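Undergrad: Take a look at the following structure, please.
The values are calculated or read from the model by the stated rules, or taken from the named source; none is laboratory data. In this text the structure is predicted, and so the values were computed from the model without any measurement. Don't worry about glycine lacking a Cβ; one is built from the backbone with ideal geometry, like all the others, and counts go over all protein chains shown. Side chains included, ligands, DNA and RNA excluded: accessible areas come from the protein's heavy atoms. Shrake-Rupley method; radii C 1.70, N 1.55, O 1.52, S 1.80 Å.
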Amino acid sequence: MSQLNLAEGQTRDQRPRKELGLSEIRSRVLRLAGPALVEQIFVTLVGMVDMMMVGRLGPAAVAAVGLANQPVNFALGIFIALNVGTTAVVARSIGAEQPKDADHAATQSAALTLVAGAVAALLGLMWSRQILVFMGADSGIISQGLGYMRVVSIGFVFMSLAMNLTASLRGAGEMKTTMVVNIVANIVNILGNYVLIYGNWGFPRLGVLGAGIATTFARMITCLLATIVLLRGNARVRMRLKGLLRPDLDMYKRVLHVGWPAAIEQLVLRSGQMVFVRTVAGLGTVVFAAHQIGMNIMSLSFMLGQAFGASATTLVGQSLGAQDPPLAEKCAKQTQLLAAGASMLVSLLFWTMGRQVVGLYTNDPEVTRWGALVLKIIAFALPFQTTQFVLRGALRGAGDTTWPLYATAVGVWGFRVALAYLLGIVLGWGLVGVWLALTLDQMVRALIITWRFRQGKWKYITV
């Protein structure tokens, strides 16, 4: 970022600070959010295509993949501490023009993630059946989901490490690099699905298991490409092989100090999602299949919040590293404004074209009817969801990860989980009640995060 560069021979305190106009700030937001959004669109569309391919195998196959992925997502919450902390430390170091600190943070975080990811992969592989039983899967779902669960567990080590490496790249503002890496890997995923789920090009027809193998192989590719980028030194942050074998407890503490509330936030979120999913699973296979398709389509809306949230994290972190809190606040506000406009367009699509979108996943009329209704509810929830994604990203870039934790705990457990059971089961509103509870969760989290951001205390946190 040009405003962070010092003239030759100048110290940071001597540097004349340039006041940026809103147009320049928006341009910088879009330069970061643009590649991140393209990446998220592609990754999300691949996930949707993945579910469409599995959906052609029937509702039980959709339910099997949905239930198997919930505990995997829960386990990922543990690694969010490293990812969030790494992005914040790298961004601050880049903003303060301390590239060696950025390299060191990336290297140490990768080493810790590699060890922890291997342990998590082993546990998931050993307890696959027990996990599916705990999730409420019946015998039909277990028969299809067990192989998928085991294969995806093996790939967990690659997924967790790849996410950590790309977190370092995003902290350095290397959004285009992560975009290319993920696009290549997800093309591999689509091709793998095509040949392994249905048995094309001479490959065996493996069904749900084939989807798991394709997903795991794609995650290996992502990990390999991100590792190559960070080792070659062409990016603004670099991983040092020697540093991988030299643990630095002080750096671990620095990264985890920022990241541990984010890890607890994710554990709170994922555990709530697991209970939430068990509630929906009790409504029947057809309803759960519609719910799973709705969640998969909702991931299309996640991409807006995640892309603009990543932009906010990087810009806020680098601005605070350059000791410019007013610029950090302007960047966050402009990011939120641009994201809000984009979310309105997606809401309009979901409201008007819900049945057609769900029809891409299934030809079951009952599943299509329920799914279209779910999309109308999503359309209303989307603006709140995008707001909390973007401002949460801004707070994370500043190292303020505690309040997002509070917001998630109140929203997920106080509203989504509790009201899903009350409205969906006790009052008999079924899937509509469940999704109304999810909408209230998004609204509450958005209000809490917005209140915390407007307080401005995040500007003075030390990372």
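Undergrad: Can you pull out the residues in region 248-281 that are within 14 Å of Ala420 (Cβ to Cβ) and of a type in the set (Phe, Trp, Tyr)?
TA: Phe276
Undergrad: Among the numbered criteria (1) over 25 Å from the mean Cα position of the chain (by Cα); (2) under 17 Å from Asn83 (Cβ atoms), which one does Leu230 miss?
TA: (1)
Undergrad: Quick one: is Ala290 surrounded by 20 or more Cβ atoms within 10 Å (Cβ to Cβ) and over 16 Å from Ile378 (Cα atoms)?
TA: Spelling it out, it is not the case that Ala290 is surrounded by 20 or more Cβ atoms within 10 Å (Cβ to Cβ) and over 16 Å from Ile378 (Cα atoms).
Undergrad: Moving on to the next point. Across region 282-297, what is the number of residues that are assigned to a helix (DSSP H, G or I) and more than 17 Å from Val54 (Cβ to Cβ)?
TA: The number of residues fulfilling the criteria is 1.
Undergrad: Let me ask another. Identify the residue in region 333-369 that is hydrophobic (A, V, I, L, M, F, W, C) and buried (at least 22 other Cβ atoms within 10 Å of the Cβ) and, among all such residues, is farthest from Trp451 (Cα to Cα).
TA: Within region 333-369, the match that is farthest from Trp451 (Cα to Cα) is Val367.
Undergrad: Another question, if that's okay. Could you go through region 179-186 and let me know if any residue there is of a type in the set (Val, Ile, Thr) and open to solvent by 60 Å² or more (accessible area, probe 1.4 Å).
TA: yes
Undergrad: Cβ contacts < 9 Å: first residue assigned to a helix (DSSP H, G or I), restricted to region 57-83; second residue among the acidic types (Asp, Glu) and open to solvent by less than 20 Å² (accessible area, probe 1.4 Å), any location; separation 6+ or different chain. Result?
TA: Gly77/Glu265; Ile80/Glu265
Undergrad: Out of the helices (runs of 4 or more DSSP H) lying entirely within region 354-463, which hold 1 or more residues that are of a type in the set (D, E, K, R)?
TA: 365-398, 430-455
Undergrad: Now for a different question. Would you point out which residue out of Phe380, Phe453 is under 22 Å from Ala340 (Cβ atoms), modelled with pLDDT under 90 and not polar (S, T, N, Q)?
TA: Step by step, each of Phe380, Phe453 is checked, and only Phe380 is under 22 Å from Ala340 (Cβ atoms), modelled with pLDDT under 90 and not polar (S, T, N, Q).
Undergrad: Additional query: Which one is farthest from the chain's Cα centre (by Cα), of the residues in region 233-264 that are closer than 21 Å to Val157 by Cα and open to solvent by less than 60 Å² (accessible area, probe 1.4 Å)?
TA: Ranking the qualifying residues of region 233-264, first place goes to Gly243.
Undergrad: Right, here's the next one. Of the residues in region 136-181, how many are farther than 26 Å from Asp101 by Cα, assigned to a helix (DSSP H, G or I) and in contact with a helix residue (DSSP H, G or I) (Cβ under 9 Å, 6 or more places away or on another chain)?
TA: 16
Undergrad: For region 224-241, give me each residue that is modelled with pLDDT under 90, not in a loop (DSSP other than H, G, I, E, B) and not hydrophobic (A, V, I, L, M, F, W, C).
TA: Arg232, the sole residue that qualifies.
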